[in-house]
Amino acid sequence: MTPVLDRPGVVLGIAALVLNEGATDENARTVIAAAVDDGVLALDTARAYARVDDDGVGERLAAEGRERRPGLPIITKAGHYRAGASAWHSDGGVDRMRADAARSVELLGGPLDLLLLHRADRVDDLEESVATLAALREEGLARAVGLSNASTELIDRALAVAPIDAVQNRLGLGVDSFAEYRHCRDAGIDFFGYAPFGGPRAAPLATRVPHVAALATQRAASVHRLTLAAVLDVLPGYWPVIGSTRVESVRDAIGAMAEPVDDELRQALLGDLASRGVAV
Ligand SMILES: NC(=O)c1ccc[n+]([C@@H]2O[C@H](COP(=O)([O-])OP(=O)(O)OC[C@H]3O[C@@H](n4cnc5c(N)ncnc54)[C@H](OP(=O)(O)O)[C@@H]3O)[C@@H](O)[C@H]2O)c1
C-alpha cells in the first residue's frame, strides 16, 4: 500500500464550495486559499463536483489552490458524474473510469495523488472497476487508488482483486459507524472520513460530543476545533475531510492541527464516543 499523506491532519473537501446553492468561485477560491495558507494537508475533489455547464470546476479550483503550495496532494474521484441540474449518475465501467482519470490528469496537471472509485456502492461490477484502478496505477496515471462509499464487504471484494491504498467513507462523529475505519486500520489502508461534523444538516456537533463541548466552553475554543484535535490524536489512520465553506470556519478547523491535546481532552472525546457505543 502507498501511504497517501505523510502525517496526520485535516483535509478540505470542496464539494459544498462548488455544489451548494449560491456557491461562487470567488468564495471557493478565498476559502481554499485560506486553508492552503493555514496548512491543510490535502484537498478533496471529484469529477462529480461539477456544474451542469462546466465538468471541470471542482478539479480546477483544487489545482488553483495547489499553485499556492506546489506539491499539495489532491484527492479526486472517478465513476460518478453530474448528469443534469439535480442528477448524478454512477458508472464504474472501464471506459468511464479511463475517461475520468484522463480528464482529471488533464485538469490537475499530472499523475493523480489519489484516485478513488466515487460510488463503490453503486457500480455494476466492482471487480472490473478495481482492476481498472489497478491498471491506471500501473500505467502511472495515479500514484495511489482506492474506494469511496464502500462497506467492509466491498472493501474485501476489492482487496481480492488488487491492493487498495485508501478508503473514503462518511464518518460523522456520533452519527456513523466506525466499522469501516477499523477494517481499514486492520488491513493497513488509509481512511479518509468525510463529514466528520455530520455534514451541514446534522444535529449540532455539541449535542453529539457533549464532554468535548463542555471543555470547549471552559477553554473558549470551538467544539469543532477541539473535536478535530482530539480525533487526530486518538484515531490513527483517520484523516477527517471537512466541508467548511467560510474562511472563519476553515481556519478554525485547520487550527486543530496545532491545538495541544491533553489527557482531559483525549478522555472527553473517548467518553463521548464510548457513550455512543464506540470503543477505541
Ligand atoms: N466521497 C463522497 O461520496 C463524499 C460525500 C460527501 C462529502 N464528501 C467530502 O467531504 C467533504 C465534507 O463534507 P461535509 O460538508 O458534509 O462535512 P462537515 O465538515 O462534517 O460539515 C460541514 C458543515 O460543518 C460546518 N463547519 C465546518 N467547520 C466548522 C467550524 N470550524 N466551525 C463551525 N462550523 C463548521 C460547516 O459550516 P460552514 O459551511 O459555515 O463552514 C458546514 O455546515 C465534502 O466537501 C466532500 O469533499 C465526500
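The values are calculated or read from the model by the stated rules, or taken from the named source; none is laboratory data. All values derive from a computational prediction rather than experimental measurement. Please note: Cβ atoms are built from the backbone with ideal geometry, for glycine as well, and neighbour counts cover all protein chains shown.
Overview of results
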| read-out | value |
| --- | --- |
| Members of the range 134-166 that are in contact (Cβ under 8 Å) with a residue 40 or more places away in the chain and surrounded by 19 or more Cβ atoms within 10 Å (Cβ to Cβ) | Leu141, Ala142, Ala144, Gly146, Ser148, Ile164, Asp165, Ala166 |
| Residue that is surrounded by the most Cβ atoms within 10 Å (Cβ to Cβ), among those in the range 79-107 that are hydroxyl-bearing (Ser, Thr, Tyr) and farther than 23 Å from Gly22 by Cβ | Ser104 |
| Residue check, Gly271 away from the ligand (no atom under 13 Å from the Cβ) and exposed (fewer than 13 other Cβ atoms within 10 Å of the Cβ) | no |
| Criterion violated by Val209 - all others in (1) within 12 Å of the ligand (Cβ to nearest atom); (2) in contact (Cβ under 8 Å) with a residue 60 or more places away in the chain; (3) within 18 Å of Ala279 (Cβ to Cβ) satisfied | (1) |
| Residues within the range 27-64 that are part of a helix (DSSP H, G or I) and in contact (Cβ under 8 Å) with a residue 40 or more places away in the chain, tallied | 11 |
| Count of the range 179-192 residues which are in contact with a helix residue (DSSP H, G or I) (Cβ under 9 Å, 6 or more places away or on another chain) and either near the ligand (Cβ under 10 Å from one of its atoms) or assigned to a helix (DSSP H, G or I) (or both) | 6 |
| Of all residues in the range 33-78 being buried (at least 24 other Cβ atoms within 10 Å of the Cβ) and of a type in the set (Asp, Glu), the one that is nearest to Asp100 (Cα to Cα) | Glu59 |
| Residues that are farther than 10 Å from Val278 by Cβ and either assigned to a helix (DSSP H, G or I) or among the aliphatic types (A, V, I, L, M) (or both), drawn from the range 167-178 | Val167, Leu171, Val175 |
| So Asp156, is it away from the ligand (no atom under 14 Å from the Cβ), outside any helix (DSSP H, G or I), more than 30 Å from Gly255 (Cβ to Cβ) and not hydrophobic (A, V, I, L, M, F, W, C) | no |
| Residue match in the range 13-22 (condition: in contact with a helix residue (DSSP H, G or I) (Cβ under 8 Å, 6 or more places away or on another chain) and more than 15 Å from the ligand (Cβ to nearest atom)) | no |
| Enumeration of residues in the range 201-217 that are assigned to a helix (DSSP H, G or I), aliphatic (A, V, I, L, M) and either surrounded by fewer than 16 Cβ atoms within 10 Å (Cβ to Cβ) or over 21 Å from the mean Cα position of the chain (by Cα) (or both) | Ala206, Val212, Ala213, Ala214, Leu215, Ala216 |
| Single residue of the range 218-232 satisfying the filter (within 11 Å of the ligand (Cβ to nearest atom) and closer than 18 Å to Leu12 by Cβ) that is surrounded by the fewest Cβ atoms within 10 Å (Cβ to Cβ) | Ser222 |
| Complete set of residues in the range 233-268 that are within 24 Å of Glu180 (Cβ to Cβ) and within 14 Å of the ligand (Cβ to nearest atom) | Tyr238, Trp239, Pro240, Val241, Ile242, Gly243, Ser244, Ala253, Ala256, Met257 |
| Residue in the range 173-188 that is touching a Phe, Trp or Tyr at 6+ places or on another chain (Cβ under 6 Å), modelled with pLDDT of 95 or more and at negative phi present | yes |
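Yes or no, residue by residue, for (1) outside any helix (DSSP H, G or I); (2) within 16 Å of the ligand (Cβ to nearest atom); (3) of a type outside the set (Gly, Ala, Ser):
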{"position": "Arg69", "(1), (2), (3)": "yes, no, yes"}
{"position": "Ile75", "(1), (2), (3)": "yes, yes, yes"}
{"position": "Ala102", "(1), (2), (3)": "no, no, no"}
{"position": "Gly110", "(1), (2), (3)": "yes, no, no"}
{"position": "Asp121", "(1), (2), (3)": "yes, yes, yes"}
{"position": "Ala131", "(1), (2), (3)": "no, no, no"}
